[in-house]
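Chemist: Next up is a structure, given as structure tokens.
Coordinate-derived values only; no laboratory data. Note that the coordinates shown come from a computational prediction; the quantities given were computed from them, not determined experimentally. Neighbour counts run over all protein chains shown; Cβ positions are idealised from the backbone, glycine included.
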Amino acid sequence: MTGQSKFNTRRWARCALPLLMVATLPAFAHNNNAYVANYNDNTVSVVDTIRNTVSATIPVGTSPSGVAVSPDGSTVYVANFGNDTVSVINAASNAVSATVPVGGAPAAVTVSPNGAYVYVVNSNSNTVSVIAASNDTVAATVSVGEQPFSLAVSPNGANVYVGNLGSENVSVINVSNNTVSATVALGDDPYSLAVSPDGAHVYATAFNAGNVSVISTRSNTVTSTIGAGSGANALALQFFGALMYVANYNANTVSVITPFDGKAVETVTVGVGPDALAVSCGNVYVANSGSNTVSVINPFGGSLATVNVGNDPVAVATQPVNW
């Protein structure tokens, strides 16, 4: 299945400690959760990442396709592709505290590093909604490229990068005035984005090409590509950007890559149709839309657990670690 056909048929696609440590977990450690958006169930599964079990299931809007957690871990934001809203979840109570109308077919969501703003890509409207977290209202709307599907914010919060499937490019939004300051041509579908911890590079997966484009944020140009797997999909970085994980939708695998040299150091078999991934406490959480599971793998590729979640999990985000 190609990236475009997959996207059209559904939505134009979207802290675990090692298990041996559970018995000796320090008394001062807080539980950290992973939040999984189940597209066909209209729910979010809350995964306890200490025990790797589902601790709660939260009803949200129609066809949730994106999820993000505030930097302090207190709030979870869910982009509901089917009814053009964002559900705001209180992480302490596991209840929806607000529903924010946004643009058409919101596909992904992210939060600024200071937690002040929430950014949502609206695939049918070709826009990004900027939500003020203080009052859960849309403060600005930014026009971007065609069929925006993914986004990522720079570590300093100065720029938001938006992957546009229809126009095969990346829009760079200057958050100081909420305008597009640059457009980076890719030549393939930018399915998922991540920014390096130093802000020097943006990584964009190409579903059809099975690789990752490396964009220099200084020049806003593609400087190289990194090979991944068939149906290169979601990606994430950890260990200060020393490791990259790429979910390969068609191959049912995750590639573990060292981005500084573009080499794959491990390929891990996961569930069917890995559609999203996130990292926490060193482990990687992979949402498998075809098998209704989350695969938990360790940083260097070993499998730790499989967690059953809802129907068609297409997005996952983790709480920051709190001690």
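Chemist: Apply the Karplus curve 6.51 cos²θ - 1.76 cosθ + 1.60, θ = phi - 60°, to the phi angles in the range 165-180 and return the couplings in whole Hz, x for Gly and Pro.
Modeler: With the stated coefficients, the range 165-180 comes to 5, x, 9, 6, 8, 10, 8, 10, 9, 7, 6, 5, 10, 6, 10, 7 Hz.
Chemist: At q = 0.17, 0.22, 0.23, 0.25 Å⁻¹, what log₁₀ I(q)/I(0) does a Debye calculation on the Cα points of the range 150-223 give, no solvent, two decimals?
Modeler: Ignoring solvent entirely, the Cα scatterers give -0.53, -0.89, -0.97, -1.15.
Chemist: Still on this structure, please answer the following. Give the calculated FRET efficiency between THR57 and ALA139 to the nearest 0.05, with a Förster radius of 35 Å applied to their Cβ-Cβ distance.
Modeler: Given R0 = 35 Å and the Cβ-Cβ separation, E is 0.65.
Chemist: So if I take the centroid of the Cα atoms in the range 268-323 and the same for the range 75-137, what is the distance between those two points in Å?
Modeler: When both Cα centres are located, 22 Å separates them.
Chemist: Arranged by the count of other C-beta atoms within 10 angstrom, fewest first, what order do LEU304, LEU243, LEU165 take?
Modeler: LEU304, LEU243, LEU165
Chemist: Moving to a separate point now. Place a point 7 Å from Cα of ALA182 in the direction of its Cβ. Which residues in the range 233-264 have their backbone N less than 20 Å from it?
Modeler: So the set is 260.
Chemist: With Rg and the Kirkwood Rh both taken from Cα atoms, where does Rg over Rh land for the chain?
Modeler: 0.93
Chemist: Still on this structure, please answer the following. Distance between Cα centroids, the range 161-204 to the range 42-62: provide it in whole Å.
Modeler: 30 Å
Chemist: To continue, here is another question. If I stretch the segment between ALA158 and VAL272 completely, what's the gain in nm (0.36 nm per residue apart, minus their alpha carbon distance), one decimal?
Modeler: 37.4 nm
Chemist: Whose amide H sits under 5 Å from the amide H of ALA305, counting only residues 5 or more places off or on another chain, with H placed in the peptide plane?
Modeler: Those qualifying (amide H under 5 Å, at least 5 residues apart or on another chain) are VAL296.
Chemist: Non-local amide H neighbours of ALA228 (under 5 Å, H modeled in plane, Pro and chain starts lacking H): which ones?
Modeler: Placed amide hydrogens put ASN211, VAL212 under 5 Å from ALA228.
Chemist: Return THR225, THR127 ranked ascending by Cβ neighbour count within 10 Å, so the fewest neighbours appear first.
Modeler: THR225, THR127
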